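Notes for the one structure printed next.
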Amino acid sequence: MITPDVIAAHNLTPDEFQRIQTLLGRDPTLVELGIFSVMWSEHCSYKSSRVHLSRLPTTGERVVVPPGENAGVVDVGDGWCAAFKIESHNHPSFIEPFQGAATGVGGILRDIFTMGARPIASMNSLRFGSLDHPRNGRRNRSLLAGVVAGIAHYGNAFGVATVGGEVAFDDAYALNPLVNAFALGLVRRDQIFFGKATGVGNPVLYLGAKTGRDGIHGATMASAEFDEEALQKRGPLRPRTRGCRYF
């Protein structure tokens, strides 16, 4: 039975649940509720920021692929195009610093090469709480160490150079660190792929390892603001993990 507590756990408002009922003409199943919660999350639909994003220019004579695909593509001349993508992996990195940051880098690299492009460069922009804070300093240092190691691990293994980055510290980011990753690739204009499939009976293939704590309800979790209760989602700080020193 889908109760108000179940709806709230999926980060859906009562009005959104009522809209789901109207669209389906019935109450959703638990699986359907989970799908709606993911697709209507801030992470996937930008429901709170789309009004601001819509004010940005998205068309032009050199814009080949506007927003809506895995990555944006612009014409850079001589039959070549640049594909680029930036993504934040803030909450997953808070819960599992190494894995959360690593999969953030992996996600944008994936979005580049699924457009048919070859990734050639990456960048990152990071924000953490103060490292010398009397109460949160140890946790902030742990987050910094894990995130930096995760970014380096995936990027180094993939073989794409990090050509730029920045990091800043402020107590405002103690429970909500920002982990933004950017990737750039090159593709011939006549070799661009699009992430669309039509028709009935297409197979769906899942490849890769099982999801960890950073991936469970990841999209809906990314729509919520973290507080002290969020610490329960994290495991204990460990002395050493995957070659990364935790302070």
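The values are calculated or read from the model by the stated rules, or taken from the named source; none is laboratory data. What you see is a predicted model, and the numbers here were worked out from it, not measured in a lab. Note: ideal-geometry Cβ built from the backbone for every residue, glycine included; neighbour counts use all protein chains shown. Remember, those area values only see protein heavy atoms, side chains included, never the ligands or the DNA or RNA. Shrake-Rupley method; radii C 1.70, N 1.55, O 1.52, S 1.80 Å.
If only one of S130, S125 is without any contact (Cβ under 8 Å) to a residue 60 or more places away in the chain, under 24 Å from A82 (Cβ atoms) and in contact with an Asp or Glu (Cβ under 7 Å, 6 or more places away or on another chain), which one is it?
Criteria check complete, one pass: S125.
Considering only residues that are free of Cβ contacts under 8 Å to residues at least 60 places away in the same chain and either surrounded by 16 or more Cβ atoms within 10 Å (Cβ to Cβ) or under 12 Å from L126 (Cβ atoms) (or both), which ones fall in the range 151-163?
I151, A152, Y154, G155, V160, T162
Would you confirm whether any residue within the range 170-178 is open to solvent by 80 Å² or more (accessible area, probe 1.4 Å), more than 14 Å from A102 (Cβ to Cβ) and either in contact with a strand residue (DSSP E or B) (Cβ under 9 Å, 6 or more places away or on another chain) or charged (D, E, K, R) (or both)? Reasoning before the result, please.
Keep residues of the range 170-178 that are open to solvent by 80 Å² or more (accessible area, probe 1.4 Å), which gives 171.
Filter again for more than 14 Å from A102 (Cβ to Cβ), leaving 171.
Applying the additional criterion that residues be either in contact with a strand residue (DSSP E or B) (Cβ under 9 Å, 6 or more places away or on another chain) or charged (D, E, K, R) (or both) yields 171.
For the range 170-178, residues open to solvent by 80 Å² or more (accessible area, probe 1.4 Å), more than 14 Å from A102 (Cβ to Cβ) and either in contact with a strand residue (DSSP E or B) (Cβ under 9 Å, 6 or more places away or on another chain) or charged (D, E, K, R) (or both): present.
Can you tell me which residue among V74, V65 is among the β-branched types (V, I, T), under 19 Å from D190 (Cα atoms) and touching a residue at least 24 places away in the same chain (Cβ under 8 Å)? Explain how you work it out, then say what you get.
Numbers: V74 fails: touching a residue at least 24 places away in the same chain (Cβ under 8 Å).
Sole residue among the options that is among the β-branched types (V, I, T), under 19 Å from D190 (Cα atoms) and touching a residue at least 24 places away in the same chain (Cβ under 8 Å): V65.
May I ask you to list the residues in the range 131-162 that are small (G, A, S) and either under 18 Å from S88 (Cα atoms) or modelled with pLDDT of 95 or more (or both)?
Those that are small (G, A, S) and either under 18 Å from S88 (Cα atoms) or modelled with pLDDT of 95 or more (or both): A145, G146, A149, G150, A152, G155.
Mind checking which residues of the range 1-13 are part of a helix (DSSP H, G or I) and either at pLDDT 95 or above or surrounded by 11 or more Cβ atoms within 10 Å (Cβ to Cβ) (or both)? Outline the logic, then answer.
Going through the range 1-13, the residues part of a helix (DSSP H, G or I) turn out to be 4-9.
Selection gives V6, I7, A8, A9.
When the range 130-150 is examined, which residues are found to be among the charged types (D, E, K, R) and either surrounded by 15 or more Cβ atoms within 10 Å (Cβ to Cβ) or within 17 Å of the chain's Cα centre (by Cα) (or both)? Outline the logic, then answer.
Of all residues in the range 130-150, those among the charged types (D, E, K, R) come to 132, 135, 138-139, 141.
R139, R141 - these are the residues of the range 130-150 that are among the charged types (D, E, K, R) and either surrounded by 15 or more Cβ atoms within 10 Å (Cβ to Cβ) or within 17 Å of the chain's Cα centre (by Cα) (or both).
Sort out for me the helices (runs of 4 or more DSSP H) sitting completely within the range 14-128 that have 2 or more residues that are open to solvent by less than 30 Å² (accessible area, probe 1.4 Å) and within 28 Å of G155 (Cα to Cα). Lay out the reasoning, then the answer.
Working: elements: 14-24, 30-39, 42-45, 50-53, 90-95, 97-113.
Hits in the range 14-128: 90-95, 97-113.
Against the definition (under 26 Å from I151 (Cβ atoms), of a type in the set (A, V, I, L, M, F, W, C) and in contact with a helix residue (DSSP H, G or I) (Cβ under 8 Å, 6 or more places away or on another chain)), how does A101 come out, yes or no? Reasoning before the result, please.
Numbers: under 26 Å from I151 (Cβ atoms): yes; of a type in the set (A, V, I, L, M, F, W, C): yes; in contact with a helix residue (DSSP H, G or I) (Cβ under 8 Å, 6 or more places away or on another chain): yes.
Judged against the criteria, A101 is a match.
Assuming T211 fulfils every condition listed in (1) within 22 Å of the chain's Cα centre (by Cα); (2) open to solvent by 80 Å² or more (accessible area, probe 1.4 Å); (3) at pLDDT 90 or above apart from one, which condition is it?
So the condition that T211 fails would be (3).
Which of the numbered conditions does H133 fail, given that it passes all the others? Conditions: (1) more than 30 Å from K196 (Cβ to Cβ); (2) assigned to a strand (DSSP E or B).
With respect to (1) more than 30 Å from K196 (Cβ to Cβ); (2) assigned to a strand (DSSP E or B), H133 is out only on (2).
Kindly indicate whether any position in the range 223-246 is surrounded by fewer than 17 Cβ atoms within 10 Å (Cβ to Cβ), touching a Gly at 6+ places or on another chain (Cβ under 9 Å), part of a loop (DSSP other than H, G, I, E, B) and at pLDDT below 60.
yes
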